[in-house]
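Below is one structure, written out as structure tokens; the observations come after it.
The values are calculated or read from the model by the stated rules, or taken from the named source; none is laboratory data. Nothing here was measured: the structure is a model prediction, and the numbers come from that model. Cβ coordinates were reconstructed from backbone atoms using ideal geometry, including for glycine residues, and neighbour counts include every protein chain displayed.
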Amino acid sequence: MGHKGKNSSFDKRQLVIFHYKKGKSHQEIGKLINLSKNMVADIVKRYVREDRIESILQKGRPKLLDSRDKCKIIRKIKVNLRLSATKLTSELYEEISKKVDPDTVHRALKESGYNGKVTRKKPFINKANRKKRLIFAKEFISKEQIWWNDVIFADESKFNIFWI
């Protein structure tokens, strides 16, 4: 429900339901039992919806990020895939003033299917180099196997022959 303050005792909740069944208003019940009208309404609402009087204790710490916050994070990462969890944390703090650990942001991204992989840096190949590479490839594609048998491929690795 909406109540986030102290829980009322089980006896008080039973009294609220007892008077509710008698047909008294929330305000009257609140004055009789010394509870606020809203708290009485919450107890009655829980009784009507869930058919229970006792409150269930909360297990664990409440989550810092709700679904809206997670959607904001995912929207930001879709715009720029290179954003780190640390930067996302600081941007989230600027927007909604929630102090969140980068691990929490990382976990939220992982739940949404985003992995924490760094994109590989590729060398930039300009148009002139692309044309040169294409010409080179076209020149050597039609060579016969006999010609290729005499070619030695080297990748600039150092080889020691006879331990020299």
Residue among GLU139, GLU156 that alone is among the acidic types (Asp, Glu), at pLDDT below 80 and more than 30 Å from ASP103 (Cβ to Cβ):
GLU156
Under 9 Å by Cβ, and 6 or more places apart or on different chains, what pairs join a residue from the stretch 106-117 that is modelled with pLDDT under 90 with one that is surrounded by fewer than 14 Cβ atoms within 10 Å (Cβ to Cβ) and aliphatic (A, V, I, L, M)?
TYR114/LEU81
Looking at (1) part of a loop (DSSP other than H, G, I, E, B); (2) of a type in the set (A, V, I, L, M, F, W, C); (3) surrounded by 10 or more Cβ atoms within 10 Å (Cβ to Cβ), which one does ILE56 not meet, given that it meets all the others?
(3)
In the stretch 21-43, which residues are in a helix (DSSP H, G or I) and buried (at least 18 other Cβ atoms within 10 Å of the Cβ)?
HIS26, ILE29, GLY30, ILE33, MET39, VAL40, ALA41, ASP42, ILE43
Condition first: within 11 Å of VAL105 (Cβ to Cβ), assigned to a helix (DSSP H, G or I) and of a type outside the set (S, T, N, Q). Now tell me which residues in the stretch 59-88 satisfy that.
ASP69, LYS70, LYS72, ILE73, ILE74, LYS76, ILE77, ALA85, LYS87, LEU88
Within the stretch 110-119, restricting to residues that are small (Gly, Ala, Ser) and within 13 Å of LYS70 (Cα to Cα), the one that is surrounded by the most Cβ atoms within 10 Å (Cβ to Cβ) is SER112
Check VAL105 against each of (1) touching a Ser or Thr at 6+ places or on another chain (Cβ under 6 Å); (2) on the phi > 0 side of the Ramachandran plot and name the one condition it does not meet.
(2)
Report, by residue number, each residue of the stretch 94-144 that is polar (S, T, N, Q) and closer than 18 Å to ARG82 by Cα.
THR104, SER112, ASN115, THR119
Apart from one, (1) within 30 Å of SER67 (Cα to Cα); (2) assigned to a helix (DSSP H, G or I) all hold for VAL100; the odd one out is (2)
In the set ARG107, ARG75, ARG68, ARG61, the lone residue that is surrounded by fewer than 16 Cβ atoms within 10 Å (Cβ to Cβ) and either closer than 27 Å to MET39 by Cβ or more than 12 Å from the chain's Cα centre (by Cα) (or both) is ARG61
